[in-house]
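The values are calculated or read from the model by the stated rules, or taken from the named source; none is laboratory data. What you see is a predicted model, and the numbers here were worked out from it, not measured in a lab. Positions of Cβ are generated from backbone atoms using ideal geometry, with glycine treated the same way; all protein chains shown enter the neighbour counts. Calculation scope for accessible area: heavy atoms of the full protein, side chains included, ligands and nucleic acids excluded. Shrake-Rupley method; radii C 1.70, N 1.55, O 1.52, S 1.80 Å.
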Amino acid sequence: MREFGYQRASDVAGAVALLGADPDTRFLGGGTNLVDLMKTGVERPNRLIDIRELPLDDIESTPDGGLRIGATVTNGDLAAHPEVRRRYPALAQAVLAGASGQLRNMATVGGNLLQRTRCGYFTDITVPCNKRVPGSGCPALDGDHHNHAILGASDHCVAVHPSDMAVALTAFDAVVHYEAPDGPGESPLGEFYLPVGDTPHLETALPAGALITGVTLPPVPVAAHSRYRKVRERASYAFAIGSLAAALDVRDGVVRDARLALGAVASRPWRALAAERVLIGAPADDTTFTAAADAELTAARPLPHNGYKVALMRNLVVAELTRLTEESAR
């Protein structure tokens, strides 16, 4: 790791100004992703701006019944918060599934949203990678891609987004708030992550020089009856090979509302809107759940060695929707 400067920010505006003064500066939250990338040479900042002491570590109810989550709230505090567990249980479960206890106590909400892919070609600076060096190629297409994208990928990149937390936030229509050099702004999470296209190095809609200040969850009644399920290659801490955030409202045997988002299948958390359309108003049974999964996965374009993800995600959707239906009947 090369030498770098370090400075602690005292306020949000000051942090944004410090970043604007040097484009090779990076914000430092928990450092659980950034520091790893600095060690491998993927990130080479001249200076780190420590934002951990900014007043962005609260979780508060909003007037309309939602939640406002500060950007420096740790993943551990987020998962343990009683209102998160009561109103958005899938979010708490996603955070708990996402990392070890030690990492959760360091990682922040804002940093989690901005974490980079764990594709081995991205993290190895000795090989090409369009996400790291635009125009250099994507060796994963013909190489190791067993855990790569089956939805929304392109010939320029097939890497997947690693966050568990962002999958649950996507299912519940979260909004990202930020402070940019020209003032505050916000972006719905569904629009925050950019499609891969031919510019995989452009990952988010966050303006240049902006600092994420928080995330707002709107009131989503169905979210109180939600689950997050993560499938991984080992039971201990590992990134997903497929995951699902699902919420279901079933009354008199009919699906009245549904929210689904898939993880580890695309470059961004994948909101399963086609599946939701099949579910709402239909009988809450295996036939409907299978049809919903198939409606979403019909767009899948697996590579030679990750086609298993199509069956995996179909089974995952059916299993978790069935479990939510059984729980609602108790």
- Item | Distance-filtered residues of the stretch 166-191 - backbone nitrogen under 15 Å, label point 7 angstrom along A17 Cα→Cβ | 180-183
- Message: Mean-square fluctuation check for the chain, GNM, Cα pairs under 10 Å: which of D144, D252, D57 is largest?
- Response: D252
- Report the extension gain between V127 and Q102 in nm, rounded to one decimal, defined as 0.36 nm multiplied by the number of residues separating them, less their alpha carbon distance. 5.9 nm
- Task: Calculate for the chain the 222 nm mean residue ellipticity that helices alone would give, adding -39,500 (n - 2.57) per DSSP H run of length 4 or more and normalising by residue count, nearest 500 deg cm²/dmol.
- Result: -8000 deg cm²/dmol
- Task: Calculate what fraction, in whole %, of the accessible area of the stretch 196-330 sits on carbon and sulfur atoms when a 1.4 Å probe is rolled over the protein chains.
- Result: 53 percent
- Message: Expected output is a single nm value to one decimal: the length gained when fully extending between D294 and E233, i.e. 0.36 nm times separation in residues minus the C-alpha distance. What is it?
- Response: 19.6 nm
- Between the stretch 146-167 and the stretch 65-83, what's the alpha-carbon centroid distance in Å? 26 Å
- Query: Which FRET efficiency value, to the nearest 0.05, is calculated for R256 and E191 with the Förster distance at 25 angstrom and r the Cβ-Cβ distance?
  - Reply: 0.40
- Item | Relative packing of peptides 187-200, 298-311 - highest average C-beta neighbours within 10 Å first | 187-200, 298-311
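Order F4, F27, most accessible first, counting only protein heavy atoms with a 1.4 angstrom probe.
Values: F4 85, F27 45 Å².
Largest to smallest exposure gives the sequence F4, F27.
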- Of all accessible heavy-atom area on the stretch 1-124, the percent that carbon and sulfur account for (1.4 Å): 49 percent
- Message: When 1/r is averaged over all different Cα pairs and the result inverted, which Kirkwood radius in Å belongs to the chain?
- Response: 20.3 Å
- With the other protein chains left in place, how much accessible area per residue, in square angstrom, belongs to the chain at a 1.4 angstrom probe? 43 Å²
- Query: Out of T213, V158, A13, whose Cα points farthest toward the positive end of the dipole of the chain (charges: +1 Lys, Arg; -1 Asp, Glu; placed on Cβ)?
  - Reply: V158
- Can you list, bin by bin at 5 Å, the percent of alpha carbon pairs in the stretch 1-156, starting at 0? 2, 8, 14, 16, 16, 15, 14, 10, 4, 1, 0
